[in-house]
Structure formats: structure tokens, C-alpha cells
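Working notes, beginning with the structure itself.
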Amino acid sequence: HVPPTGDLVFDGQWEARLGPELRLRAALSRASGDINLLAETAEGTPVRVTAGIREARLALDSNGDTVNLNLRWDSERAGTLDGQLSSPLARGGAAGWRWPAQAPLSGRLQARLPRMAVWSLLAPPGWRIRGSLEADLTVDGTKADPQLRGPLRADDLGLRSVVDGVALQEGRLRARLETQRLIIDELVLQGAAG
């Protein structure tokens, strides 16, 4: 596995007031630089590419007792992510503010991630995974029991282990998350011609 490299620099700001009234504001955003990821040519040869980051931002703010978290990633060659999550905090007396287990969650995550060899970071040692991914997920439930729902779509999937002699390619996945279950509607992988 080859980890990403680069010279990414972030700016950060924060303000917190946890007295009788909750006031939180924090942001972390890309100031300069970029990251290099491992990609593949059309022939499957590994090559390093610059992500081409246009925006990378994580922001937290409060509105009354509700805390909102926003994520934005936009890049030329490493896809896009947009996420929002909201949940209330509870006043805990002398203990201050806390995030109770039964606090409701509300959010959404949309992702469009292109074919990148970086997915191999998620694979067991010796295995390589590639493919593009699209997701549009809603988040609800509670802190103790989060629920994810929505479609997942992956194309150009490949799975390879030289040691085990496995080489699957031209894959496609159509699935959906429903609460804490992944329901696979379609999974196609083809053996390499040999």
C-alpha cells in the first residue's frame, strides 16, 4: 500500500463558549498545496497524480443547542464529497454540555469518487482494489444507533491478488444501505482473460 503524499496546508479558526448558552464555531480549510495519489493508467499501470484540490473544508457551528458539521471536498482528479450532520447537545448541569447517546442525528453525505488505486488502502495486505464510487446517503437515528440509508454505485471495479492468483475486473456494484444493512442488488466481476 502506498499512502498519499503532498504539501497540503490548512488554515484553522475556532471559538467556543460553553457557558449557559452554547456557542461553537470552528473551521479547517485548505490554504495551499495539494496531495499526490496513486492512480492507474487505462492499462492498469500505477502512476502518481496530483488530486487538483479546489476546496477542502470542515466546519462546525452551533445554532442554539444544535451543532452542525459540514464537510466539503472538491478536486479535479480525486472526486467530490459533500456532507452535513446535525445533532443537539444537552446541558449537563455542573458537567457542562454533553452529547447524549439518544441525541437524534440528521444529515446527508454525497460522494463522487473516481477510479483511484487509493482504495487499495482499504484492502487486506497483498490485495488491490480499484473502482469509482457514487453514494447519496442520509443519516438519521441517534448517536447510539446511527442509521444510514441510500444508494451506492460502483463502476469499473477490479480486485486482484497476485499471491492468491485472483484477478477480477470490469466489475459493477449496485447496492443500498438500509439502516445497518448493505443490500446488494447487483454485483458483477469478470475473470481476467488468460
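The values are calculated or read from the model by the stated rules, or taken from the named source; none is laboratory data. Keep in mind the model is a prediction, meaning the values are calculated, not measured. Positions of Cβ are generated from backbone atoms using ideal geometry, with glycine treated the same way; all protein chains shown enter the neighbour counts. Side chains included, ligands, DNA and RNA excluded: accessible areas come from the protein's heavy atoms. Shrake-Rupley method; radii C 1.70, N 1.55, O 1.52, S 1.80 Å.
Of all residues in the stretch 1-34, those satisfying the criterion of being in a loop (DSSP other than H, G, I, E, B) and of a type in the set (D, E, K, R) are Asp7, Glu21, Asp34. Residue selection: Gly79 fails the criterion of being under 16 Å from the mean Cα position of the chain (by Cα) and at pLDDT 95 or above. Among residues of the stretch 38-54 being in contact with an Asp or Glu (Cβ under 9 Å, 6 or more places away or on another chain) and open to solvent by less than 70 Å² (accessible area, probe 1.4 Å), the one that is modelled with the highest pLDDT is Ile53.
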